[in-house]
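A quick write-up on the structure given underneath.
The values are calculated or read from the model by the stated rules, or taken from the named source; none is laboratory data. These figures come from a predicted structure and were not determined experimentally. Using ideal geometry, Cβ is built from the backbone for each residue, glycine included, and neighbour counts are taken over all protein chains shown.
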Amino acid sequence: MKNIRLIFLLMGAFMLFLAGCGNTQESGEAASGAEGSWQPEKPIEVVAPAGPGGGWDTTARAIAKLLESENIIDQRMAVVNKPGGGGAVGWAYVNGKAGDNHTMFIASPPLHFVPLNGQSDLDYQDFTPLSAVIADYAAFIVKADSPYNSMTDLVEALKKDPQAVSVVGDSAPGSMDHMQFVKAVKAGGVDVKNLKYVSAQDGGGMSMLLGGKVDVYSTGLAEATEQARAGKVKVLAITAPERLEGETISEFPTLKEQGIDDEFVVWRGFFGPKDMDPAAVKYYEDAFKQMMETEQWKEVRDNFGWTDNYMNSEEFAVFLEEEHKEIEALMEEVGLKQ
Amino acid sequence: MANKPSRWIALLLLAIAGVYLVLAYQLPEFPYAIIDSDVLPKGLGFLLIILSVVLFATAKEETAEEKEKRTIPKNDLVILLITAVAIFIYISLLEVLGFLLTTILFLLFLPTVLGYRKYGVTVAVAFIFSGVMYYSFTYLLNITLPQGIMPF
Amino acid sequence: MDFSSILYGFQVALSPGNLIFAFIGVLAGTVIGMLPGLGPISAIAIMIPLSYGMDPASALILMAGVYYGAVFGGSTSSILLNAPGVSGTVATSFDGYPMAQQGKAGKALAIAAISSFAGGTISVVFLMLVAPFVADLAVTFGPTEYFALMLLGLTAISSLSDGSTIKAMIAAVVGLMIATVGMDQQTGTSRFTFGNPSLLEGIDFLIVALGLFALAEVCQLILRRKEKESKKKSDVGNLKLSKGELKEMGGPISRHSVLGFILGVLPGAGATIASFLSYISEKRLSKDPSSFGKGNIKGIAAPETSNNAATSGAFVPLLTLGIPGSGTTAVLLGALLVVGVQPGPLMLQDHPDVFWGVIASMYIGNLFLLILNLPLIPFLAKILAIPRQLLISLIIVFCLIGVYAVSFSTFHLYILLGFGVLGFLMRMFSFPAAPFILAFILGGMMEQSFRQAMTISNGSYNVFFQSNITIALFIVSLLSIFVPIISGYFKKKAEANEDERKGRTA
């Protein structure tokens with residue numbers, strides 16, 4: 001009996017402690033800025049279709065926290081993790097809540113790639129786009145002492161022999177890291193069927209590149225910047241439409257200026273389930289927009305190295321449709337479409 | 001064979017290896033792979049076949065000690081089965097009734113079945129443990145556990 | 001090395017405000033680490049939103065505390081409940097759990113705490129002294145080297161089983177088979193998923209570990225539920241170690257803080273491989289290997305030292321190259337970015353204060369961990385004094401929440417139940433679980449490394465003989481297979497001769 005009491009005591013202490021350092025909910029005044037007639041009536045479920053700690057989860061938690069703490073949405077924003085299948089499990093979960101105005105999830109281009117790989121029956125058309133929030137770009141990098149000095153050099157070498165260069169990415173063939181590279185060199189006129197692509201595990205791509213085990217690393221801008229600044233790698237190209245602003249990153253050439261007509265945006269945005277009330281869509285659209293104007297957001301965004309890329313629901317839907325068509329055609333050509 | 005349970009296990013493993021191999025042979029081919037995804041599974045399937053054959057051939061009669069380790073009184077076997085079924089029901093109800101309710105029911109049921117007679121303690125533990133866990137995960141750590149039919 | 005920077009780092013870390021953060025961090029980390037399913041990765045991920053707007057130095061100290069706390073908290077459930085929540089603590093349960101069951105839980109936890117502290121602190125010293133020099137090691141390891149390293153890890157299977165070798169091998173092969181479930185990384189092919197997206201990312205380590213170890217143990221506890229909990233109840237929480245016992249820990253601590261650190265530097269499965277290799281090498285060095293698995297002090301000290309040392313080792317590629325070598329350091333990288341610190345090759349040059357601040361906070365985190373946890377141990381150990389019937393039910397719920405907090409689906413809970421049944425049957429028929437889990441952990445990486453190497457080399461096997469490190473690791477693997485066999489043969493022969501001589505004189 002005594003021991004039981006002890007356990008309870010421990011648990012009580014633990015609760016107190018957690019309560020002390022946990023994020024206390026802020027009860028704000030009524031949500032402002034919503035012109036529509038819709039207001040959330042209960043906690044909103046923000047689904048991160050991945051485990052805690054990944055890109056989706058980090059972004060979802062950061063944004064949910066800001067929406068709450070800046071009193072933009074006057075309800076609890078509960079981040080719910082639904083990992084599995086590269087997103088497919090989370091999408092299936094949200095799809096089961098059609099018409100629910102209190103559920104949303106975060107997504108990025110894998111929402112195109114995973115279904116096209118045959119790993120999910122659901123794609124972007126099965127959901128209601130709310131807003132696109134941030135953008136990142138792909139970067140193709142080589143080691144500092146590599147013979148390739150520009151994307152043109154690399155494309156020329158690949159045109160002669162598609163097997164001449166080994167490319168590493170952090171995910172399987174047919175996924176984003178692979179296809180963003182395929183897309184770029186195809187625009188440069190390379191036969192993309194026979195590329196030598198290696199999938200690294202646990203983000204080992206950078207160490208394989210720096211160790212000279214592979215020639216090119218297809219990755220994101222954030223991963224490339226710091227290494228480029230230290231002079232360890234050369235950035236052959238980034239997939240932004242034009243040069244970016246900022247120290248170091250303004251030095252990265254785009255594909256376009258090297259005569260390759262291609263760009264690729266790694267967007268991140270939020271979707272609701274199918275058949276969401278248009279008034280609710282409007283409400284969320286405005287909430288995201290408002291959130292992105294706060295000082296707090298700017299600080300978080302800059303620390304993570306994100307770029308603002310706001311699109312409202314309508315713009316986002318148009319963008320997605322175009323992008324999907326393009327990727328679908330490409331995957332079909334490489335023979336990876338299922 | 002009666003005294004050599006290893007032989008039965010060897011046969012079971014052989015069957016598992018067979019099924020695994022059949023599935024491995026059905027894996028689709030990837031056009032660009034130098035070593036495709038079916039190589040390791042096929043190797044493992046055959047390795048397990050060899051190992052089961054060796055296990056079958058080298059099976060020795062069980063020592064008394066081994067046999068004793070394996071004998072479970074019927075009473076206990078029933079309890080083990082009840083526990084397994086209780087876990088199964090718990091899992092099935094978790095997302096329907098919600099974490100809080102399911103866990104409380106489970107923690108009221110199992111200790112009693114296992115023969116714990118201080119009911120007051122059982123009730124207290126069931127409610128407080130479930131409550132503390134639910135509150136800390138869902139509200140403090142922001143890792144949401146199933147809410148189910150409960151309002152919070 | 002820049003002493004004024006180090007001093008500055010300590011000055012920052014030792015300010016009263018930051019000491020409080022260190023304390024909160026360690027406490028939060030320990031508590032979260034003890035919670036089912038939550039390891040250092042989730043602990044840090046959860047703390048990230050809290051650090052918005054915090055002073056960078058304080059945030060770093062908080063995070064370091066959380067990190068170390070969570071690593072230690074994980075060992076606690078491994079020792080007390082046989083429920084390893086993180087792969088680095090599996091080896092700890094081999095001797096930690098038996099010792100706790102003998103009514104010496106306090107002692108087992110104290111050994112773990114002290115070895116963790118020693119391993120952590122010694123390796124932070126290495127980190128300060130040699131970080132820039134060993135950074136290159138992280139990138140010299142490519143696919144072939146990893147393949148050879150995993151192979152070396154697998155050779156340990158023979159020494160992880162006391163019974164039949166054939167049964168150990170079968171367990172390992174089945175473990176490898178389980179590792180093949182999911183989407184294959186090199187081709188994107190789904191293997192053995194039966195069209196279920198929940199299986200695409202494979203079966204999580206936690207499910208296998210909690211099933212095979214914790215739930216299988218629960219079955220045993222049910223069978224023994226009527227026995228008295230532990231003979232000497234009052235002694236459970238006692239954490240006093242005798243001088244002899246402390247001395248016994250000295251050897252493993254000094255050996256494995258080095259080994260753990262070096263393996264930790266390698267991106268990938270650092271802490272896990274380190275803890276297994278340490279455990280095995282300690283068992284092989286021991287004069288009495290049969291006492292391992294039954295509560296041997298060295299069997300706890302070795303893996304605990306080395307998994308903590310590997311933890312610091314993992315900071316080398318993160319801080320010097322900007323490469324996160326493990327899931328945990330990847331999340332930590334995110335945490336650093338939030339507070340405006342960009343780790344990378346230029347960090348030491350551009351922001352020496354932050355670099356040394358991180359290191360100073362690691363020292364402090366480690367120290368706080370020890371100070372905080374030694375007094376907590378008697379309370380923790382008392383968990384085992386909970387009446388068996390209640391404890392059994394709580395462990396089951398603990399495992400279920402743990403898996404749910406990782407997978408968030410009931411589908412995986414059914415798989416957990418399946419592994420629990422499998423684990424119980426394996427025990428009934430004397431199939432060891434350790435080779436199973438080891439093969440399961442290493443298998444995936446071993447296969448992927450092999451195929452990466454083959455893709456890069458266009459299918460030529462020569463690539464495996466072009467690196468000295470690879471060749472050296474192959475040789476060590478071969479030795480680790482054959483030396484015990486040969487020495488066993490001679491030992492038997494010598495014993496036979498001895499018997500013969502005895503027989504003659506008698």
Conditions (1) crowded, with 16+ Cβ neighbours inside 10 Å; (2) modelled with pLDDT of 85 or more; (3) not in a loop (DSSP other than H, G, I, E, B): number failed by C:Ala271:
(2)
Residue list for segment B:126-152, restricted to those being at the interface with chain A (Cβ under 7 Å from one of its Cβ atoms) and either on the phi > 0 side of the Ramachandran plot or among the polar types (S, T, N, Q) (or both)
B:Ser136, B:Asn142, B:Thr144
If you go through segment C:249-266 one residue at a time, do you hit one that is under 15 Å from the mean Cα position of the chain (by Cα) and at pLDDT below 85?
yes
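Give B:Tyr90, B:Tyr116 a once-over and let me know the one that is at pLDDT below 95, closer than 26 Å to C:Leu223 by Cβ and in contact with a Ser or Thr (Cβ under 8 Å, 6 or more places away or on another chain).
Working: B:Tyr90 fails: at pLDDT below 95.
That would be B:Tyr116, the only listed residue that is at pLDDT below 95, closer than 26 Å to C:Leu223 by Cβ and in contact with a Ser or Thr (Cβ under 8 Å, 6 or more places away or on another chain).
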Checking B:Thr122 against (1) within 10 Å of chain C (Cβ to nearest Cβ); (2) touching a Pro at 6+ places or on another chain (Cβ under 7 Å); (3) in contact (Cβ under 8 Å) with a residue 40 or more places away in the chain; (4) not hydrophobic (A, V, I, L, M, F, W, C), the condition it does not meet:
(3)
Return the residues of segment C:12-33 that are of a type outside the set (Gly, Ala, Ser), modelled with pLDDT of 80 or more and surrounded by 16 or more Cβ atoms within 10 Å (Cβ to Cβ); say none if nothing qualifies.
C:Asn18, C:Phe21, C:Phe23, C:Ile24, C:Val26, C:Leu27, C:Thr30, C:Val31, C:Ile32
Where residues in segment A:47-71 are in a helix (DSSP H, G or I), at the interface with chain C (Cβ under 7 Å from one of its Cβ atoms) and not charged (D, E, K, R), which of them is farthest from C:Val406 (Cα to Cα)?
A:Ala62
Would you mind telling me which numbered condition in (1) buried (at least 24 other Cβ atoms within 10 Å of the Cβ); (2) without any contact (Cβ under 8 Å) to a residue 60 or more places away in the chain; (3) more than 10 Å from chain C (Cβ to nearest Cβ) A:Ala132 fails?
(2)
Picking from C:Phe126, C:Phe133, which residue would you name as being free of Cβ contacts under 8 Å to residues at least 24 places away in the same chain and part of a helix (DSSP H, G or I)?
C:Phe133
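Just wondering, is there one or more residues in segment C:368-380 that are among the polar types (S, T, N, Q), away from chain A (no Cβ under 14 Å) and part of a helix (DSSP H, G or I)?
Taking segment C:368-380 first, the residues among the polar types (S, T, N, Q) are C:373.
After this cut, where a residue has to be away from chain A (no Cβ under 14 Å) as well, the list is none.
The answer is no; no qualifying residue exists.
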If we keep just the residues of segment A:58-100 that are of a type in the set (Ser, Thr, Tyr) and touching a helix residue (DSSP H, G or I) at 6+ places or on another chain (Cβ under 9 Å), which is farthest from C:Glu201 (Cα to Cα)?
A:Ser69
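Given the criteria over 30 Å from A:Pro173 (Cβ atoms) and facing another protein chain (nearest Cβ under 8 Å), does B:Ser37 qualify? Can you show your working first?
Working: over 30 Å from A:Pro173 (Cβ atoms): no; facing another protein chain (nearest Cβ under 8 Å): yes.
Judged against the criteria, B:Ser37 is not a match.
A:Gly174: within 17 Å of the chain's Cα centre (by Cα) and on the phi > 0 side of the Ramachandran plot, yes or no? Can you show your working first?
Numbers: within 17 Å of the chain's Cα centre (by Cα): yes; on the phi > 0 side of the Ramachandran plot: yes.
Criteria met by A:Gly174.
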Being more than 28 Å from A:Ala50 (Cβ to Cβ) and within 14 Å of chain A (Cβ to nearest Cβ) is the filter here, so list the residues in segment C:276-334 that pass it.
C:Thr320
Restricting attention to segment C:430-445, which residues are within 12 Å of chain B (Cβ to nearest Cβ), over 18 Å from the mean Cα position of the chain (by Cα) and at pLDDT 90 or above?
C:Phe431
Could you say whether any residue in segment B:70-85 is within 10 Å of another protein chain (Cβ to nearest Cβ), in contact (Cβ under 8 Å) with a residue 12 or more places away in the chain, surrounded by 14 or more Cβ atoms within 10 Å (Cβ to Cβ) and not in a helix (DSSP H, G or I)?
no
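Restrict the check to segment A:155-176 and report whether at least one residue is part of a loop (DSSP other than H, G, I, E, B) and farther than 21 Å from C:Ser457 by Cα.
Yes, that holds for at least one residue.
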Test: residue in segment A:173-185 that is among the basic types (Lys, Arg), under 26 Å from A:Leu111 (Cα atoms) and not assigned by TED's automatic domain parsing to the domain that holds A:Gly55:
yes
Say whether the condition of being more than 14 Å from every other protein chain (Cβ to nearest Cβ), part of a helix (DSSP H, G or I) and surrounded by 23 or more Cβ atoms within 10 Å (Cβ to Cβ) is met by at least one residue in segment C:81-89.
yes
What pairs can you find where one residue is in segment C:405-423 and within 10 Å of chain B (Cβ to nearest Cβ), the other is among the basic types (Lys, Arg) and outside any helix (DSSP H, G or I), and their Cβ atoms are less than 6 Å apart, with a gap of 6+ or different chains?
C:Phe408/A:Lys82
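Tell me which helices (runs of 4 or more DSSP H) are completely within segment C:1-73 and hold 2 or more residues being away from chain A (no Cβ under 11 Å), or say none if there are none.
On the way: elements: C:3-13, C:16-34, C:40-47.
Qualifying helices (runs of 4 or more DSSP H): C:3-13, C:16-34.
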Note: among A:Thr152, A:Thr219, just one is more than 9 Å from every other protein chain (Cβ to nearest Cβ), buried (at least 24 other Cβ atoms within 10 Å of the Cβ) and either in contact with a His (Cβ under 8 Å, 6 or more places away or on another chain) or touching a residue at least 60 places away in the same chain (Cβ under 8 Å) (or both), namely A:Thr219
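What number of residues within segment B:53-65 are at the interface with another protein chain (Cβ under 7 Å from one of its Cβ atoms) and under 27 Å from the mean Cα position of the chain (by Cα)? Can you show your working first?
If we filter segment B:53-65 for residues that are at the interface with another protein chain (Cβ under 7 Å from one of its Cβ atoms), which is where we start, we get B:54-55, B:58.
Still in the running and under 27 Å from the mean Cα position of the chain (by Cα): B:55.
Looking only at that region, the number is 1.
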Which of the residues spanning segment C:150-167 are crowded, with 21+ Cβ neighbours inside 10 Å and either facing another protein chain (nearest Cβ under 10 Å) or in a loop (DSSP other than H, G, I, E, B) (or both)?
C:Ser161
Subset of segment C:182-219 (residues that are part of a helix (DSSP H, G or I) and more than 10 Å from every other protein chain (Cβ to nearest Cβ))
C:Phe205, C:Leu206, C:Ile207, C:Val208, C:Ala209, C:Leu210, C:Gly211, C:Leu212, C:Phe213, C:Ala214, C:Ala216, C:Glu217
Given the criteria part of a helix (DSSP H, G or I), surrounded by 15 or more Cβ atoms within 10 Å (Cβ to Cβ), free of Cβ contacts under 8 Å to residues at least 24 places away in the same chain and at negative phi, does B:Phe56 qualify?
no
Give segment A:193-211 a look and list any residue that's outside any strand (DSSP E or B), within 7 Å of chain C (Cβ to nearest Cβ) and of a type outside the set (Gly, Ala, Ser), or say none.
A:Gln201, A:Asp202, A:Met206, A:Met208, A:Leu210
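Given the residues A:Val235, A:Val265, A:Val214, A:Val190, which is the only one that is within 14 Å of another protein chain (Cβ to nearest Cβ) and buried (at least 18 other Cβ atoms within 10 Å of the Cβ)? Don't jump to the end; show me each part of the working.
Numbers: A:Val235 fails: within 14 Å of another protein chain (Cβ to nearest Cβ); A:Val265 fails: within 14 Å of another protein chain (Cβ to nearest Cβ); A:Val190 fails: within 14 Å of another protein chain (Cβ to nearest Cβ).
Only one candidate passes the filter, namely A:Val214.
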